[in-house]
Amino acid sequence: MKRIIVFLGAPGAGKGTAAAAVAPKVGARHVSTGAMLRDAVARGTPAGLEAKSYMDAGGLVPDAVLYRMVSELLAGEKDGATLFFDGFPRNEAQAAELESLAAAGGAKVESAILLDVSRETLLARLGGRRVCPKCGAGYHVQSLPPKKDGICDACGAQLTIRADDQPATIAHRLEVYESATAPVIGFYEKAGTLRRIDASGSASEVAALVQAAV
Ligand code: AP5
């Protein structure tokens, strides 16, 4: 059986940062649907071409695109694997469908970790985020700066600002989160598998809390 642990939280809550830090420590694989979609856009695949306009506007990509990606991913994973799902599910329909996709792919959704932070903190985290377009490493101008200004520590590429981290797009992503994604919290609360984490501390403090919860 494959284990799935879902990471929930608003844009900028630190899902990607925490999942990337904890996954290697517990032998899990970090699966970010946002990163998979950005890669598909960059490569110009059919899924990427379909997803681009939704992502640029800060909206949700059609569910069917995500279902294909997730079912292919589950089919390719070995029995016994642990997967950290960062960014999926993102609405109640996706949460229900994940149960079916998991059953068909020999997997089980074990728990959902909710990273809880204030709106002020979300805005500060998104506003200062820098990303490496080459290797995908993430930074923050204040809390997690690279050793050399604007340059990726891991691969030496020039860091960039994510296309959807412009103020107007951030505001829309937060609205989409409240209307479409926040109800997913109730889905896992009802299932009795939700673990709520105060994610307002430093990246290492949050990673320690997440590691204890998984
Ligand atoms: P996605 O990439 O998933 O974006 P998101 O959910 O908006 O989340 P973010 O990546 O912005 O935030 P995060 O919580 O991972 O924060 P991070 O760790 O980077 O999705 C992008 C788009 O793809 C969506 O808008 C949608 O269009 C599409 N999409 C994806 N999945 C989809 C789905 N299932 N259905 C439909 N569409 C989908 O941290 C942010 C910053 O804060 C960083 O700079 C980091 O260094 C810093 N930081 C993190 N933690 C801390 C800390 N504890 N202390 C200080 N700084 C911190």
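The values are calculated or read from the model by the stated rules, or taken from the named source; none is laboratory data. What you are looking at is a predicted structure, and each value in this text was computed from that prediction instead of being measured. Note that each Cβ is placed from the backbone with ideal geometry, even for glycine, and that neighbours are counted across all protein chains shown. Each accessible area value is taken on the protein alone, full model and side chains, heavy atoms only, with ligands, DNA and RNA left out. Shrake-Rupley method; radii C 1.70, N 1.55, O 1.52, S 1.80 Å.
Results, tabulated for the structure shown:
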item: Accessible-area order (highest first, 1.4 angstrom probe) of the listed residues Y139, Y188, Y67, Y54; result: Y54, Y67, Y139, Y188
item: Apportionment of accessible area to carbon and sulfur, the chain, percent (1.4 Å); result: 54
item: Å² per residue, accessible surface of the stretch 118-165 at 1.4 Å; result: 63
item: Area accessible to solvent at H172, 1.4 Å probe radius, in Å²; result: 70
item: Full-extension gain in nm, R43 to S179, via 0.36 nm per residue minus C-alpha separation; result: 45.9 nm
item: Over the stretch 84-214, equivalent-ellipsoid semi-axes from the Cα gyration tensor in Å; result: 29, 17, 16
item: Convex hull of Cα atoms in the stretch 118-165, direction-averaged projection (nm²); result: 3.3
item: The chain, helix-only ellipticity at 222 nm - DSSP H runs n ≥ 4, -39,500 (n - 2.57), divided by all residues, nearest 500; result: -14500 deg cm²/dmol
item: Pairwise FRET efficiency - Y54 versus T160, Cβ, R0 = 22 Å, nearest 0.05; result: 0.60
item: Bridge type composition, the chain - antiparallel percent by DSSP, nearest 5; result: 20
